[in-house]
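A short reminder: the numbers here are calculations on the coordinates, not readings from a lab. All of these numbers come straight from a predicted model, not from anything done at the bench. Don't worry about glycine lacking a Cβ; one is built from the backbone with ideal geometry, like all the others, and counts go over all protein chains shown.
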Amino acid sequence: MSDGLTIVLVVVGVLALATLVGAVFVLVRMVKARKLLTDAGIPVENKFLFWAAVVYLISPVDLIPDPVYLDDIGIMLVALQSLQAAAEKAGVRPGRRERQQEKRLEK
């Protein structure tokens, strides 16, 4: 194998790994945002969008082939943004969950 081809394959592999790490990071944030809303007792109106994004992530049918997760990341970012908007609308802020749990325990 030539040196040029080896370099191209390594760069493509690194980019694919970076997008996979980004997709997992966004998925974790999306799950945390949904859990925050659920734990606060707030009905999540965006459940469909959340589950659609998760199904799209694991689905073998994509707009862009799976080594490149840019389309998956985009859909998950839309779902994350809608969950965060629902949290702000309800007055729940990420990072204050511990204080909210303490207030519930005091009551």
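So, in nm, how far is label L77 from label L20 when the simple model puts each one 7 Å beyond its Cα toward the Cβ?
2.1 nm
What distance in nm lies between label points placed 7 Å from Cα along the C-beta direction at V28 and A52?
2.7 nm
Between S59 and V10, what is the spin-label point distance in nm, taking each point 7 Å from the Cα along the Cα→C-beta axis?
In this crude label model, S59 to V10 measures out at 3.7 nm.
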